[in-house]
Amino acid sequence: MDENATARLKKTASNWTLNVALFVAMAIICLPGLWIVLNSLRPTVEIMAKPPIWIPQSLSFDAYVAMFSGIGEGGIPVISYFRNSVIIAVTSTIISLAIGMSGGYAFARYRFKGKGGWFLGLMLTRAVPGIALSLPLFFLYARVGLIDTHAGMILAYTALNVPFTIWLIDGFFRQVPRDLAEAAQIDGCTRWQAFWQVEFPLARPGIASAGIFAFLTSWNEFALASQLTRSTDSKTLPVGLLDYTAEFTIDWRGMCALAVVMIIPALILTYAVQKHLVSGLTTGAIKG
Amino acid sequence: MKAWRLPPPVLLLLPAVIVLAAIVLLPLLLSLYSSFTPFRLTRPETIYDWVGFRNYERIFTDADFWIAFGRTVLLLTVALNLEMILGLGLAMLVERFTRGQRILRTILMFPMMFSPILVGFQFKFMFNDNVGLVNNALQSLGLTDQAIPWLIDGTLAFIAICVAEVWSSTSVFAIFILAGLMAMPRDPLEAARVDGCTPWQTFRYVTWPFLMPFAFIAMTIRSLDVARAYDIIKIMTDGGPAGRTEVLWTLIARTAYSDARMGMANAMAYVAILLSIAFTAYFFSQLGKARAQVAADW
């Protein structure tokens, strides 16, 4: 009896410890993001206050209003940055999905010579950081006139994304049983039709998540963009963030507001895709 | 007449190969060439001087480069180990919950959507010695009455960078390991309990071997990421104070753009890329082993 009670108590206690641990971990994960949102709504005086003000006295959307009201108001050309970011990220995502689908299908469905080597070679291109590419790419782009253009950035991001999309999509096509497409072909479909009518719809959620991953990479990339863009013609949001830094001071409030603008699209997309993403990455791991 | 056609896999892979050749391979060849020249941005004609392996010889005696290399390896070791342990713990905590797990997983992915440059600014803000959250909290709690110079002292700055890295990427490990935990069959766990294993033994000999490939995938992805760490450090300290947090790629970027010594920087970049490719190849071979082992066991 006594023993039972202690055991039960112990169990409850350890359960609660674990719950508290989880809560603390989640709080640490969320805290920096919430801090940014909070500070984008506070006046600069309050951010700079000594001793610190913990309970916000006045909240307002002034930073956002200033940001979107153009250069004259102490803002930065956020709207052009935003537009550039969207155009570049969306276009490069679409292109790298098309390329990734054909490449992933080749890896998932065909046997050919040196398959493992090709795959590894594609993955190794990921070992080259954007900053290492930026210099020679700057040279080439200067020759062909792609500096500070959307096309140049789209091309660069497509190349960054292709290896990873191929990896993901390969995994998703492998999950679709081969028999289904073969059955369709026996029933008179061409291979092309079998692909679009049978295999593509089944792999679609996975392909969507590969697309969102590609979008996020392009949306967030900084090292290449900082070298290959010059003006509002093609500057993206991550580069725009630097507009808030001066030699020795940083406009923390404005920067926090721009950060929020950058995160929101990413947040929505990631939420939509999180389930498929994990399964896509891990099928490659286990069934390789 | 029947036209000769490329075999389908070649045709399907062609676009990927073309894009990568144009945007990755060609620039790499160009930079390989320039690494054999004393090329300076300020004097374009220097690209035609061939100096052979002089840049590479200098690198091997360049203390700054090898210190930066050592620091990158240190960052890799510290960050990956912490992320692995924390990620494992986090995954096991989240796995206990059956209800509300979707929400928890979404929160878990939260740091992954932050751009590295954003992570850098955010932690630069939080670790700011004057207005940062960390110092404000420490002072308000009365733990210290001075401003701790987080990003100004070399050691503290390195710690701050590690914190930023760990915060932004522990979730990569957590998510992969969580996926592994959820894919794991229940029977062996019950069999282990029936056979009288302690929880630790169950974890060590049943759960962990199954999770290993998942952890290795996360390792591979992350080791490549940390090996080319640039954005976060560039923003937080820019390699300072006095080069105390300089890692490989901040050093290379400084050599290339601030000192304008492109040839030298490209040579450094090549050494760095080859080193990180060696690392990746090693991880891939380990992954293959772990995979084979799991396939044999299950």
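Overview of results
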{"read-out": "Every pair of residues 6+ apart whose Cβ atoms lie under 8 Å, when the first sits in region A:20-42 and is facing another protein chain (nearest Cβ under 7 Å) and over 18 Å from A:Asp251 (Cα atoms) while the second is among the polar types (S, T, N, Q) and surrounded by 13 or more Cβ atoms within 10 Å (Cβ to Cβ)", "value": "A:Ile29/B:Ser171"}
{"read-out": "Odd one out for B:Arg186, checked against (1) touching an Asp or Glu at 6+ places or on another chain (Cβ under 7 Å); (2) surrounded by fewer than 20 Cβ atoms within 10 Å (Cβ to Cβ); (3) basic (Lys, Arg)", "value": "(1)"}
{"read-out": "Filter result (in a helix (DSSP H, G or I) and either modelled with pLDDT under 85 or not hydrophobic (A, V, I, L, M, F, W, C) (or both)) within region B:139-165", "value": "B:Gln139, B:Ser140, B:Gly154, B:Thr155, B:Glu165"}
{"read-out": "Enumerated helices (runs of 4 or more DSSP H) restricted to region B:188-298, each holding at least 1 residues that are within 9 Å of chain A (Cβ to nearest Cβ)", "value": "B:208-227, B:231-236, B:248-253, B:262-297"}
{"read-out": "Condition met for A:Ser218 (more than 11 Å from chain B (Cβ to nearest Cβ), in contact with a Ser or Thr (Cβ under 9 Å, 6 or more places away or on another chain) and within 27 Å of A:Arg126 (Cβ to Cβ))", "value": "no"}
{"read-out": "Candidate set from region B:42-69 (those that are exposed (fewer than 12 other Cβ atoms within 10 Å of the Cβ) and among the small types (Gly, Ala, Ser)); member that is modelled with the highest pLDDT", "value": "B:Ala63"}
{"read-out": "Test: B:Trp66 is farther than 27 Å from B:Glu165 by Cα and either of a type in the set (Phe, Trp, Tyr) or within 14 Å of chain A (Cβ to nearest Cβ) (or both)", "value": "no"}
{"read-out": "Residue match in region B:153-162 (condition: more than 17 Å from A:Ile47 (Cβ to Cβ), within 13 Å of another protein chain (Cβ to nearest Cβ) and free of Cβ contacts under 8 Å to residues at least 12 places away in the same chain)", "value": "no"}
{"read-out": "Residue among B:Thr46, B:Thr61 that alone is more than 10 Å from every other protein chain (Cβ to nearest Cβ), farther than 26 Å from A:Ile263 by Cα and in contact with a Lys or Arg (Cβ under 6 Å, 6 or more places away or on another chain)", "value": "B:Thr46"}
{"read-out": "Residue list for region A:110-134, restricted to those being among the hydrophobic types (A, V, I, L, M, F, W, C) and within 24 Å of the chain's Cα centre (by Cα)", "value": "A:Phe119, A:Leu120, A:Leu122, A:Met123, A:Leu124, A:Ala127, A:Val128, A:Ile131, A:Ala132, A:Leu133"}
{"read-out": "Selection within region A:107-126 - free of Cβ contacts under 8 Å to residues at least 24 places away in the same chain and surrounded by 22 or more Cβ atoms within 10 Å (Cβ to Cβ)", "value": "none"}
{"read-out": "Residues that are facing chain A (nearest Cβ under 10 Å) and assigned to a helix (DSSP H, G or I), drawn from region B:124-138", "value": "B:Lys124, B:Phe125, B:Met126, B:Leu133, B:Asn135, B:Asn136, B:Ala137"}
{"read-out": "Selection status of A:Pro205, at pLDDT below 80, at negative phi and away from chain B (no Cβ under 12 Å)", "value": "yes"}
{"read-out": "Boolean, B:Phe121 is in a helix (DSSP H, G or I), within 14 Å of chain A (Cβ to nearest Cβ) and surrounded by 19 or more Cβ atoms within 10 Å (Cβ to Cβ)", "value": "yes"}
{"read-out": "2 or more residues β-branched (Val, Ile, Thr): qualifying helices (runs of 4 or more DSSP H) within region A:94-191", "value": "A:130-144, A:150-175"}
{"read-out": "B:Leu74 being loosely packed, with under 15 Cβ neighbours inside 10 Å and under 15 Å from the mean Cα position of the chain (by Cα)", "value": "yes"}
{"read-out": "Qualifying residue in region A:46-59 (condition: surrounded by 14 or more Cβ atoms within 10 Å (Cβ to Cβ), modelled with pLDDT under 85 and in contact with a Ser or Thr (Cβ under 8 Å, 6 or more places away or on another chain))", "value": "yes"}
{"read-out": "Pair list, Cβ < 7 Å and 6+ apart or interchain, from region B:6-28 residues that are at the interface with chain A (Cβ under 7 Å from one of its Cβ atoms) and more than 19 Å from A:Leu228 (Cα to Cα) to residues that are among the polar types (S, T, N, Q) and part of a helix (DSSP H, G or I)", "value": "B:Leu12/A:Ser102; B:Pro15/A:Ser102"}
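The values are calculated or read from the model by the stated rules, or taken from the named source; none is laboratory data. Bear in mind the structure is a predicted one, so any value in this text is a computation, not a measurement. Positions of Cβ are generated from backbone atoms using ideal geometry, with glycine treated the same way; all protein chains shown enter the neighbour counts.
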